[in-house]
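**Student:** Structure in structure tokens, see below.
The values are calculated or read from the model by the stated rules, or taken from the named source; none is laboratory data. It should be emphasised that the depicted structure is a prediction, and the values quoted were computed from it without experimental measurement. Note that we place each Cβ from the backbone using ideal geometry, even for glycine, and neighbour counts take in every protein chain shown. When the accessible area is computed, the model is the full protein with side chains, heavy atoms only, and any ligands, DNA or RNA have been set aside. Shrake-Rupley method; radii C 1.70, N 1.55, O 1.52, S 1.80 Å.
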Amino acid sequence: MGGEKLLDQIFNLKFTAKQLARSAVKCEKEEKAEKLKVKKAIEKGNLEGAKIYAQNAIRKKNEQLNYMKLASRLDATVSRLETQAKMQMVNKNMAGIVKSLEKALASNNLETIANTMTQFEKQFENLDLQTQVVDDVMGAQASLSTPEDEVNALMGQVAEEHGLELALGLPNAAAGMRPTQAASKEDDLTARLAELRGR
């Protein structure tokens, strides 16, 4: 019963995360619409109206970021709960195998003991594989989601492509990097991600 409740919680959290992601997309569209209104108001010389539209755009941007943060946190929680559900399943299987092993040892039937040991070893292999996959995914997520210098470099690259001035007080580490270096770093990350998915 506990396992079913856990699966229900996982489903509900996934559904909520999807709703939050949809809300974030909606806010992004509304932000773009408000920015367009700012542009039109400035063109008409209506600076007071432009300020109001700009405030609306900023509010929508903040809402979008909040929705995205919540969705991300829910995704992380779902991953943990899925791992917990798998571990519970493995624990149940192990308990059943241990009981089978005890019965086989009591009956001194070598064939039954060998079959039960094979099942037992298989469960350990499955557990090792699941643990390795979770470790790989968490390691990849950490390495891909946190490198601030690469994020800053990408932001600088996008700004440069569109002829935008990027003055956000970012560290100037990415400025010395040539575009080919940034592209090769991105290719390396893409290759690493493809390798992890292929496992």
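**Student:** Being free of Cβ contacts under 8 Å to residues at least 12 places away in the same chain, over 20 Å from the mean Cα position of the chain (by Cα) and surrounded by 12 or more Cβ atoms within 10 Å (Cβ to Cβ) narrows it down to one of 46, 66, 56, so name that one.
**Tutor:** Among 46, 66, 56, only 46 is free of Cβ contacts under 8 Å to residues at least 12 places away in the same chain, over 20 Å from the mean Cα position of the chain (by Cα) and surrounded by 12 or more Cβ atoms within 10 Å (Cβ to Cβ).
**Student:** If you don't mind, another one. Of these, 6, 36, which one is open to solvent by less than 100 Å² (accessible area, probe 1.4 Å), in a helix (DSSP H, G or I) and modelled with pLDDT under 85?
**Tutor:** One residue alone meets the criteria, 6.
**Student:** Also, quick follow-up: Please state which one of 95, 21, 85 is over 25 Å from residue 125 (Cα atoms), open to solvent by less than 80 Å² (accessible area, probe 1.4 Å) and part of a helix (DSSP H, G or I).
**Tutor:** 21
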